[in-house]
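Data block below; observations after.
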Amino acid sequence: MDAELLELLKSWKRITQFPADGDWLFSSPVQLGRLPWSYPQVSRVFHRAAKGAGIGKLPTHTLRHSYRSWLDAVGTPIAVQQKLMRHTDIRTTMNLYGDVVTDEMAQAHSKVVGLALSSSG
């Protein structure tokens, strides 16, 4: 695990409602810390945050697609991406999670739009 992320999680653990060594990192207040947050709890909070940000409905699975895009954007070799995504078949990484949008793609698209709009005006 990345050292900076580990420190962030340790800091989070110290300020949570359930900070004891044996407590879950993301302890459920509904379960009085005896269990971690359930997927439905996480999903509700995620959906509420997306709605509050004006995004609308946003499934939590989009985080996997974002992760793959970020891995690609920082130049991670595809075999490493496959392992980090825990895909048994590299085709899953390439084909299902392969729609990567980089800064270069966004810049190229903007240039083409600029050409198209300037010639139509």
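Estimated at 0.36 nm per residue, the fully extended path between Leu32 and Arg44 surpasses their Cα-Cα distance by 2.5 nm.
Rounded to the nearest Hz, the phi-derived 3J(HN,Hα) couplings of the stretch 46-58 under the Karplus curve 6.51 cos²θ - 1.76 cosθ + 1.60 (θ = phi - 60°) are 4, 5, 5, 5, 4, 5, x, 7, x, 7, x, 6, 9, where x marks glycine and proline.
Computed from point charges on the beta carbon alone (+1 for Lys and Arg, -1 for Asp and Glu), the dipole magnitude for the stretch 61-121 about its Cα centre is near 200 Debye. For Cα extents along the principal axes in Å, the candidate list reads [x] 38, 31, 22; [y] 41, 30, 27; [z] 64, 36, 25; the entry that matches the value derived from this model is [z].
About the centre of its Cα atoms, the stretch 1-51 shows a dipole size close to 360 debye [charges on the beta carbon of Lys, Arg (+1) and Asp, Glu (-1) only; nearest 20 debye].
With both labels modelled 7 Å from their Cα along Cα-to-Cβ, the Thr76 to Thr62 distance reads 2.0 nm.
When you restrict to C-alpha pairs under 8 Å that are six or more residues apart and normalise by the size of the stretch 61-121, the relative contact order lands at 32 percent. Relative contact order of the chain, taken over Cα pairs closer than 8 Å and 6 or more residues apart, is 12 percent. Of the residues Gly114, Ile90, Ile78, the one whose Cα sits farthest toward the positive end of the charge dipole of the stretch 61-121, with +1 on the Cβ of Lys and Arg and -1 on the Cβ of Asp and Glu, is Ile90.
Set against the 2.2 N^0.38 Å expectation for a compact globular protein, the stretch 30-79 has a Cα radius of gyration ratio of 1.53.
Taking only the Cα atoms of the stretch 12-58, the radius of gyration and Dmax are 12.9, 38 Å.
Only Lys, Arg, Asp and Glu carry charge here, each on its Cβ (+1 for the first two, -1 for the last two); on that basis the chain has a dipole of about 500 debye about its Cα centre. Only DSSP H runs of four or more residues enter the estimate; each adds -39500 (n - 2.57), and after division by the residues of the chain the mean residue ellipticity at 222 nm equals -17000 deg cm²/dmol.
Every number in this text was worked out from the coordinates using simple rules, so none of it is lab data. Bear in mind the structure is a predicted one, so any value in this text is a computation, not a measurement. When we count neighbours, we look across all protein chains shown, and the Cβ atoms used for this are built from the backbone with ideal geometry, even at glycine.
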